[in-house]
Amino acid sequence: MYPIYALWSHPRSMSTAMERVMRERGDLDCHHEPFMYDYYLHRQVRQMPHFEAEADRPISYEDVRAMLLERSAHGPVFIKDMSYYVMPRIMDDAALSDALVNCFLIRDPVASITSYFKLDPDATLEEIGLEAQANHFNALVERGINAPVICAEDVRGDTAGTIGALWRAIGLPPADHAFSWQDEQPGDWKQVGEWHGTASASTGIAPITDKEIAEKKRKFAALVKEHPRAQDYLDHHLPYYEMLKSHAIKA
């Protein structure tokens with residue numbers, strides 16, 4: 001069996017751009033949020049907007065797991081997924097968890113919540129995602145499992161350095177060619193195309209600016225006026241973000 005590299009993220013955390021980098025490596029069998037099908041279609045926790053399900057996908061947790069384990073028999077696998085899709089169940093799933101090499105991606109929730117509400121103003125507290133990530137991270141640490149964390153802002157500040165540090169931490173070799181891309185978007189992004197317009201149209205990860213950070217804060221303040229619960233979501237998730245950020249590796 002080959003390893004399954006799992007990037008656990010939260011919505012609007014720049015995880016799709018990270019997935020694009022991993023795809024561009026060329027040495028991984030990459031899968032876009034396979035456990036999304038269990039959460040939104042099999043268990044039907046809620047209806048996800050802008051989601052056109054593909055008919056040939058496994059939709060139950062058990063079938064997704066079986067697919068990933070089967071693919072890992074032939075070569076290394078990468079998944080980008082959300083902790084809230086699988087927690088706490090995955091921690092009792094030795095067959096899958098023993099095959100995983102885990103890492104986490106986080107982004108300032110002021111930015112991620114603002115971006116999420118733009119696409120889905122009915123987003124739930126759970127879907128903000130940082131609480132589930134923190135619980136997932138802590139559960140892995142309690143079992144002595146290494147699970148490096150990176151920040152989206154660090155990736156944008158030093159893409160090659162930060163992702164290079166992540167690759168070293170999880171045992172992947174360097175792949176400098178992966179930091180820019182020219183090809184069309186991956187085919188399995190079309191099912192959630194409206195969620196990933198920026199990553200689809202980009203040719204790389206752009207640096208972050210002070211002007212952009214200030215603009216995100218302004219937009220969040222405007223969001224709270226329209227949707228006051230966005231502030232409650234931020235207040236709830238901010239401690240989980242700060243905890244995970246304290247463990248983030250640097251370039």
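Mind telling me which of GLY161, GLY144, GLY129 comes out most flexible in a GNM of the chain, alpha-carbon contacts under 10 Å?
Evaluated over the chain, the most mobile residue of the options is GLY144.
Do you know the relative contact order of region 34-96, to the nearest whole percent, from alpha carbon pairs under 8 angstrom that are 6+ apart? Walk me through the intermediate numbers first.
Working: 43 pairs, mean separation 25.0, N = 63.
Averaging sequence separation for qualifying contacts and normalising by length gives 40 percent for region 34-96.
Work out from phi, with θ = phi - 60° and the Karplus expression 6.51 cos²θ - 1.76 cosθ + 1.60, the ³J(HN,Hα) of each residue of region 59-72, listed in order in whole Hz, and give x for Gly and Pro.
Per-residue couplings from phi come out as 10, 8, 3, 4, 6, 5, 4, 4, 4, 5, 5, 5, 5, 6 Hz.
Relative to the Cα centre, what is the charge dipole magnitude of the chain, using +1 at the beta carbon of each Lys and Arg, -1 at the beta carbon of each Asp and Glu, and rounding to the nearest 20 debye?
Values: 26 positive and 38 negative charges, 130 e Å.
Charge dipole of the chain: 620 debye, to the nearest 20.
Distance between the C-alpha centers of region 210-229 and region 76-138? Whole Å please.
Value for the Cα centre distance between the two parts: 23 Å.
Amide H of PHE104: which non-local residues (sequence gap of 5 or more, or other chain) have their own amide H closer than 5 Å, using H built in the peptide plane?
So PHE104 has HN proximity to TRP8, VAL149, ILE150.
Under the rule of at least 5 residues apart or a separate chain, name every residue whose amide H is placed under 5 Å from the amide H of CYS30.
Result for CYS30 returns PHE78.
With a cut-off of 8 Å between alpha carbons and a minimum separation of six or more residues, what is the relative contact order of the chain in percent? Walk me through the intermediate numbers first.
Details: 373 pairs, mean separation 70.6, N = 251.
The value is 28 percent.
Which of the trypsin sites (Lys or Arg not before Pro) across region 37-67 are loop residues per DSSP, with 13 or fewer other Cβ within 10 Å? Walk me through the numbers before you get to the answer.
Details: sites: ARG43, ARG46, ARG65; in loops: ARG43, ARG46.
Answer in residue order: ARG43.
Of the lysine pairs in region 4-245, how many meet both conditions: Cα atoms under 20 Å apart, and a spacing of 8 or more in sequence or different chains?
Summing the qualifying lysine pairs gives 13.
Using each residue's phi in region 224-240, evaluate 6.51 cos²θ - 1.76 cosθ + 1.60 at θ = phi - 60° and report the 3J(HN,Hα) Karplus result to the nearest Hz, with x for Gly and Pro.
4, 5, 8, 10, x, 5, 4, 5, 4, 4, 5, 4, 5, 8, 4, x, 5
What does the highest-first list of 239-248, 171-180 look like by mean Cβ count within 10 Å? Working shown, then result.
On the way: 239-248: 16.3, 171-180: 13.6.
My ranking of the peptides, most packed first, is 239-248, 171-180.
Return P(r) of region 4-245 (all Cα-Cα pairs; 10 Å bins starting at 0; whole %; ordered from short to long distances).
The calculated distribution, bin by bin, is 7, 32, 40, 19, 2, 0.
³J(HN,Hα) across region 105-121 via Karplus (A = 6.51, B = -1.76, C = 1.60, θ = phi - 60°), whole Hz, x for Gly/Pro?
Using θ = phi - 60°, the values come out as 10, 10, 9, 3, x, 4, 6, 5, 5, 4, 5, 5, 5, 4, 8, 8, x Hz.
I'd like the FRET efficiency for LEU41 and ASP232, computed as 1/(1 + (r/R0)^6) with the beta carbon distance as r and R0 of 30 Å, rounded to 0.05. Walk me through the numbers before you get to the answer.
Values: r = 28 Å, r/R0 = 0.94.
Plugging the Cβ-Cβ distance into 1/(1 + (r/R0)^6) gives 0.60.
Values quoted throughout were computed directly from the atomic coordinates according to the rules given, and no laboratory measurement underlies them. None of the values given here were measured: they were computed from a predicted structure. Note that we place each Cβ from the backbone using ideal geometry, even for glycine, and neighbour counts take in every protein chain shown.
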